[in-house]
Amino acid sequence: MYQNFGAGEVDDTKCARFRLFIPDNALDPTQYQGDRSPAIARLHAVGDFQSHFGKTNWTPDPQFELAKSKFTDPEDGRTKGWLYEVTTGPLPDGFYQYKFHVTSTSGDKRFVCDPCTRYGGLSEQNSGFVVGGPKMETVPLADPRPLEELVLYELMIDDFTAALRGAQAPLAVVRQRLDHLERLGVTGIQFMPWTQWPGTEYNWGYEPQGFFAVAFPYTLNPADASEKLFLLKRLISDCHERGIHVLLDGVFDHVTPADAPCGFGYRWLWENPEDSPYTGGFAGTAFGKDLDFHNGCVADFIFDVCRYWIEVFAADGIRFDYTLGFYDPQRERQRGLPTLLKRLRQWLDAQGKTKFPLILEHEWDYPSVDVVNKVGATSCWLDPFRGRTRGYLTDRQVRPGIMRLLDSARDFGAGRTPVTYVENHDHESFMLNAGSREEWWRTQPYAIALLTASGAPMIHNGQEFAELYRMPEDDKTAPPGCQDPARKRVVPRPLLWPQLDDGPGRATFDLYRRLIELRRSHAGLTSPDFHPRSWDESRTALDGDGFGIDESRQVVVYHRWGNAADGRLEKFYVVLNFSPWPQTVEITFPEDGGWIDLLSGWHPPVQNNRLRFEVGSNWGHVFYKKY
């Protein structure tokens, strides 16, 4: 229902309609608990559209006062609260900014942004709407694939486009660089949040203010402001035409703590914002102002936000940011994350979207896997894969714990799988852990491991051409030049695109391109099967068949298998050397003939089910046979 509120043109009439919903537990007790009246006496739409009717812009006027009536949700037939609504006369084509002017019963007056706006304004966190202008329907993905078949690319829109865009809108520049991503071979883009935050300065997007609006800095086209939503639809459509899935980063735990008029509208529409049923304590407050999932109005709101991006923008998956903050397994088993995912899955199944992934960013260790299984999610970010490999690379020493990382699908329930990565937006670049870009080759066995482990491997933007940047890892020290201690790590890291064509850049890109092609060509790697499973981390030597880890020589050997696209069995024997010296390895094969190394094309001379060979420094082999 919330996706039908906000402001916009009415059926190509050039008239603008403003619609705002306020819940009322006297009409529907499920909406919230307690006496939480917003104490609204009068509500006006104000903005730069008023002068077209002979009125003064940004000034309350009786012509634009919203009328109040009971609202019944057409989907479930329940009367849940009140609808405030007003419609203007015809307006010229263009982009318009507005806010709500709220007069409380006490006489308090304030400007509040529309919590359901579709557009961010040009300044002061205004809301916006478009009359006329280009329109399009998002082209859906023709052949959605399950998450385990995807290779993801985490993309921060500002950083990805900063060195390329000039006066163009960042979303338009991302579209221009799709050839690069297609050449790399990724089949999904995990966008960092594109929804509106307070202000127009650089931001990662994790302090949301407008859940239905694309962030203003990403859509700014000085030549044509009406393209704001059109740009994202066009970008997603172009991704889909290339077979690239688009995943939304949904920040549903909290909202910006900013005050009116730049804060979250559903907090500041209440005379006392602490009375708002949309914000309050739930499972734990770590960022901003918590969304209060005790209340049905919040559950409805976030569910409708998800529906909007799926229905209107054809999103192909959702990553749920910081789900630890709206999951309380002890006290709230029927509220928050489990209920949201159950409701979404039922709706998605009814739409025929049975392959749509619901991905958690939960805890930063293996207990997240248990939560995935309990709440019905598809996946979680398996952060130990990043944390431990980063430590190994920095220390120049892999340890037995790597066997648990490589057995990445372990403990996931049927139909569930991890998202694995060695780098993401929250941490310094993996190449920095290698020492320098000139030591890019030290990352090679880790890249092979990432692309041969179970799950959906993810590459962070710039990782594919050995991008290197520092950032504080402990959140206690602000980076150089950052004057706002609250922002700390949230500073620009623009991609240095010329590095794509230098020595380390070309070599790293070619490595990832080859490994991604290997991954995409062999469906057997999408299976959860792994040997040796449940490796005892006190063991530091290979077993009798040559599998496991030889810590002293920095050699790791494991076996993967699964069905190819044609249903035939594929087997993979992966040998990785993390040391700076060549190492001699001997491993057991199930039979002698028919093996090939997918990385070099070498046909190994397996005899009597054994192969003794030398693996080069910081390199590996993927021995393969199809049955």
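With the structure loaded, tell me whether W561 is in a loop (DSSP other than H, G, I, E, B) and of a type in the set (A, V, I, L, M, F, W, C) or whether it fails that test.
Numbers: in a loop (DSSP other than H, G, I, E, B): no; of a type in the set (A, V, I, L, M, F, W, C): yes.
Judged against the criteria, W561 is not a match.
Do you know which residues across segment 462-473 are farther than 13 Å from L511 by Cβ and buried (at least 24 other Cβ atoms within 10 Å of the Cβ)? Write out each step before concluding.
So the first thing to find is which residues in segment 462-473 are farther than 13 Å from L511 by Cβ, and the list is 462, 467-473.
Matches in segment 462-473: G462, E467.
Restricting to segment 78-113, name every residue that is under 17 Å from Q50 (Cα atoms), at pLDDT 95 or above and of a type in the set (D, E, K, R).
E85, K99
Within segment 348-383, restricting attention to residues that are out of contact with any helix residue (DSSP H, G or I) (no Cβ under 8 Å at 6 or more places or on another chain) and of a type in the set (A, V, I, L, M), which residue is surrounded by the fewest Cβ atoms within 10 Å (Cβ to Cβ)?
A350
Kindly indicate whether T161 is outside the structural domain of I40 (by TED's automatic domain parsing), touching an Asp or Glu at 6+ places or on another chain (Cβ under 9 Å) and within 27 Å of Y206 (Cβ to Cβ). Break it down stepwise before answering.
Numbers: outside the structural domain of I40 (by TED's automatic domain parsing): yes; touching an Asp or Glu at 6+ places or on another chain (Cβ under 9 Å): no; within 27 Å of Y206 (Cβ to Cβ): yes.
The answer is no for T161.
Six or more apart or on different chains, Cβ under 6 Å: which pairs go from a residue in segment 565-594 that's farther than 24 Å from R396 by Cβ and free of Cβ contacts under 8 Å to residues at least 40 places away in the same chain to one that's assigned to a loop (DSSP other than H, G, I, E, B) and basic (K, R)? Could you list them?
Filtered contacts from segment 565-594: no entries.
Tell me which strands (runs of 3 or more DSSP E) are completely within segment 1-104 and hold 2 or more residues being touching a strand residue (DSSP E or B) at 6+ places or on another chain (Cβ under 7 Å), farther than 26 Å from N272 by Cβ and not polar (S, T, N, Q), or say none if there are none. Steps first, answer last, please.
Numbers: elements: 6-9, 15-23, 40-47, 67-72, 79-90, 94-104.
Fully inside segment 1-104 and qualifying: 6-9, 15-23, 79-90, 94-104.
Tell me, please, whether a residue that is part of a loop (DSSP other than H, G, I, E, B), over 19 Å from the mean Cα position of the chain (by Cα) and buried (at least 20 other Cβ atoms within 10 Å of the Cβ) can be found in segment 313-335.
Here is the first cut: in segment 313-335, the ones part of a loop (DSSP other than H, G, I, E, B) are 313-316, 321-322, 327-335.
Of the ones still in play, those that are also over 19 Å from the mean Cα position of the chain (by Cα) are 328-335.
Narrowing further to those that are buried (at least 20 other Cβ atoms within 10 Å of the Cβ): 335.
Among the residues of segment 313-335, at least one is part of a loop (DSSP other than H, G, I, E, B), over 19 Å from the mean Cα position of the chain (by Cα) and buried (at least 20 other Cβ atoms within 10 Å of the Cβ), which makes the answer yes.
Yes or no: D12 within 22 Å of G128 (Cα to Cα), modelled with pLDDT under 95 and in the same structural domain as P115 (by TED's automatic domain parsing)? If you could, list the steps in order and put the result at the bottom.
Details: within 22 Å of G128 (Cα to Cα): yes; modelled with pLDDT under 95: yes; in the same structural domain as P115 (by TED's automatic domain parsing): yes.
Considered against the rule, which asks whether it is within 22 Å of G128 (Cα to Cα), modelled with pLDDT under 95 and in the same structural domain as P115 (by TED's automatic domain parsing), D12 comes out as yes.
Just to be sure, is R539 among the basic types (K, R) and within 23 Å of R442 (Cα to Cα)?
So R539 fails the test.
Regarding D510, is this residue modelled with pLDDT of 95 or more, exposed (fewer than 14 other Cβ atoms within 10 Å of the Cβ), among the charged types (D, E, K, R) and under 26 Å from G455 (Cβ atoms)?
On the way: modelled with pLDDT of 95 or more: yes; exposed (fewer than 14 other Cβ atoms within 10 Å of the Cβ): yes; among the charged types (D, E, K, R): yes; under 26 Å from G455 (Cβ atoms): yes.
So D510 passes the test.
May I ask you to list the residues in segment 529-558 that are out of contact with any strand residue (DSSP E or B) (no Cβ under 7 Å at 6 or more places or on another chain), closer than 20 Å to E614 by Cβ and assigned to a loop (DSSP other than H, G, I, E, B)? Before you say what the answer is, go through the steps one by one.
Of all residues in segment 529-558, those out of contact with any strand residue (DSSP E or B) (no Cβ under 7 Å at 6 or more places or on another chain) come to 533-534, 536-538, 543-544, 550-552.
Within this subset, residues satisfying the condition of being closer than 20 Å to E614 by Cβ are 550-552.
Within segment 529-558, E551, S552 meet the criteria.
Let's see how each residue does on (1) touching a Lys or Arg at 6+ places or on another chain (Cβ under 6 Å); (2) β-branched (V, I, T); (3) surrounded by 20 or more Cβ atoms within 10 Å (Cβ to Cβ):
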{"residue": "D529", "(1), (2), (3)": "no, no, no"}
{"residue": "R568", "(1), (2), (3)": "yes, no, no"}
{"residue": "Y573", "(1), (2), (3)": "no, no, yes"}
{"residue": "G593", "(1), (2), (3)": "no, no, no"}
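The values are calculated or read from the model by the stated rules, or taken from the named source; none is laboratory data. Just so it is clear, the model here is predicted, and its values are computed rather than measured. Virtual Cβ from ideal backbone geometry, glycine too; neighbours counted across all protein chains shown.
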